[in-house]
1. Rank by packing, highest mean first: peptides 70-82, 159-171, 90-102, with packing defined as the count of other Cβ atoms within 10 Å averaged across residues.
2. For the range 102-170, what is the convex hull (Cα atoms) projected area averaged across all directions, in square nanometres?
3. Name the most mobile residue of Val19, Val51, Val155, meaning the one with the largest mean-square fluctuation, in a Gaussian network model of the chain with Cα contacts below 10 Å.
4. Can you give the FRET efficiency to the nearest 0.05 for Asp121 and Tyr87, using r as the Cβ-Cβ distance and R₀ = 30 Å?
5. Could you give me the ³J(HN,Hα) list for the range 40-49, computed from phi with Karplus coefficients 6.51, -1.76, 1.60 and θ = phi - 60°, whole Hz, x at Gly and Pro?
6. How charged is the neighbourhood of Asn154? Take every other residue with its Cβ under 11 Å from the Cβ of Asn154, and add Lys/Arg as +1 and Asp/Glu as -1.
7. Taking amide H positions as placed in the peptide plane 1.01 Å from N, state which residues far from His109 in sequence (5 or more) or on other chains have amide H under 5 Å from it.
8. With all pairs of different alpha carbon atoms counted, what Kirkwood hydrodynamic radius in Å does the range 1-63 show?
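Where a number appears in this text, it was derived from the coordinates with a stated rule and is not lab data. In this text, all values refer to a predicted model and were calculated from it rather than measured experimentally. Cβ placement follows ideal geometry from the backbone for every residue including glycine, while neighbour counts extend to all protein chains displayed.
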Amino acid sequence: MLTKRLFPSQLSDETIYLVVREHWVYLSLKLVVWLFFAAALILFNRYAKEVLPLLFEGRYGQITTLFTQLYTLFLALSLFLIWVIHYLNIQIITSIRIVDISQVGLFSHTVSELHIDKIEDVTSQTTGILGTIFNYGEVFVQTAGTVERFEFCNVPNPASIEKLILDLYESNSNFVKEGKQV
């Protein structure tokens with residue numbers, strides 16, 4: 001029987017409680033910046049021929065066309081990167097551990113794992129006007145291991161994520177106290 005696995009080291013008896021990505025507001029802020037640069041290209045293409053006609057004639061015209069095409073290419077690439085990095089940066093909370101998958105670029109990612117029983121402290125933080133209105137912020141998980149602190153940045157409902165992790169820690173520590181295997 002085939003089971004769907006969300007990440008490579010997922011165990012067959014491991015229950016996934018939550019998969020978290022950046023809040024949509026944070027993605028929207030990145031897209032607003034991208035739209036600013038796209039609008040600059042549109043305005044340049046629309047009005048530059050009227051204001052600076054010499055820029056589009058002869059050799060200068062070829063150079064201007066080359067730069068506008070390169071600018072368009074970089075706009076398309078940056079939109080693709082914004083989406084890919086948003087989609088592939090995830091934190092997964094399971095019954096046994098927390099998995100942080102960080103996509104750094106197109107060809108580089110880091111996977112970090114933290115077992116629930118290694119948690120020392122969990123803190124959630126909401127800052128700023130947008131964070132308060134749309135309920136997004138950071139969750140910090142303190143450990144005693146080599147990775148001292150797991151950070152969930154710009155995630156929705158940070159207080160509920162903190163509560164879920166603490167509840168899983170308490171239920172996991174009850175298993176250890178009772179002598180049961182997790």
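1. Values: 70-82: 13.1, 159-171: 16.3, 90-102: 19.9.
The peptides rank, most packed first, as 90-102, 159-171, 70-82.
2. Numbers: hull surface 21.4 nm².
Mean shadow area of the hull around the Cα atoms is 5.4 nm².
3. In this elastic network of the chain, the residue with the biggest mean-square fluctuation among Val19, Val51, Val155 is Val51.
4. Working: r = 30 Å, r/R0 = 0.99.
The calculated FRET efficiency here is 0.50.
5. In residue order, the calculated couplings are 4, 5, 4, 5, 4, 5, 7, 10, 5, 5 Hz.
6. Details: positive: Arg21, Lys30; negative: Glu22, Glu138, Glu151.
It works out to a net charge of -1.
7. The answer is Val104.
8. Numbers: mean 1/r = 0.0591 Å⁻¹.
Kirkwood radius, the range 1-63: 16.9 Å.
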